[in-house]
């Protein structure tokens, strides 16, 4: 069980959970027709370091000589419904089949205990209107900071509390920086 | 603050109230869709948008 809060802050924060965030998947131009493919994620969590988000906000609200701390984009990861993840169906509407994880056997238990480096399991308290969710650290994308700030104004759900959000960030960084060694010859 | 799950899913059959999967309800489809989007039950979707590029007389888009 993780802790969350709803601070009344006018900026993005690490650990913010925001709904209905889109990612531009592809843009193709053919014979004068532009086709834009967009992935629409029901929920994402902000992974960018909170100090960077705070520094950017301070620099934006205070008169400053430069824009040194402004961010080009913010890193986010989708939250998937854990029930969908167990069944490997969380990307089914993209025609993708993911590996199943036996909910009531050891793999499911490992997932819920965050013992699988690839995933982070989140179970919310009863006052948060979210089902148990999973972050897949293979899935992340950046989004324009201004766009996400605007999205937060209308679609903010809650913020994962300090320590819990740092745990997510730390596990994400560890997964991203893992070193795959070759198989023994 | 959004309503709690048990309130949101009050119309759903028992056993699926907080799971958010395969829930069946007599609720109108539009309402279900809104609830799914709002509470993270919906899945990732791909949306394709097409736009005609209009060029001026010089051929500049």
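The values are calculated or read from the model by the stated rules, or taken from the named source; none is laboratory data. Nothing here was measured: the structure is a model prediction, and the numbers come from that model. As a convention, Cβ positions derive from the backbone with ideal geometry for all residues, glycine included, and neighbour counts pool all protein chains shown.
Of the residues making up segment A:63-81, just one is within 14 Å of chain B (Cβ to nearest Cβ), without any contact (Cβ under 8 Å) to a residue 60 or more places away in the chain and more than 14 Å from residue A:118 (Cα to Cα), namely A:81. Out of the residues in segment A:30-43 that are facing chain B (nearest Cβ under 7 Å) and loosely packed, with under 14 Cβ neighbours inside 10 Å, which is nearest to residue B:49 (Cα to Cα)? For segment A:30-43, the residue satisfying everything is A:35. When A:123, A:89 are checked against the criterion of being more than 30 Å from residue A:8 (Cα to Cα) and either within 14 Å of another protein chain (Cβ to nearest Cβ) or touching a residue at least 60 places away in the same chain (Cβ under 8 Å) (or both), a single residue qualifies: A:89. If you filter segment A:138-167 down to residues that are crowded, with 21+ Cβ neighbours inside 10 Å and more than 14 Å from residue A:22 (Cα to Cα), you find that the one that is nearest to the other protein chains (Cβ to nearest Cβ) is A:157. Just so you know, in segment A:10-19 the residues that are at pLDDT 90 or above and farther than 18 Å from residue A:134 by Cβ include one that is surrounded by the fewest Cβ atoms within 10 Å (Cβ to Cβ), and it is A:11. Looking only at residues in segment A:78-118 that are outside any loop (DSSP other than H, G, I, E, B) and in contact with a helix residue (DSSP H, G or I) (Cβ under 7 Å, 6 or more places away or on another chain), the one that is farthest from residue A:21 (Cα to Cα) is A:108.
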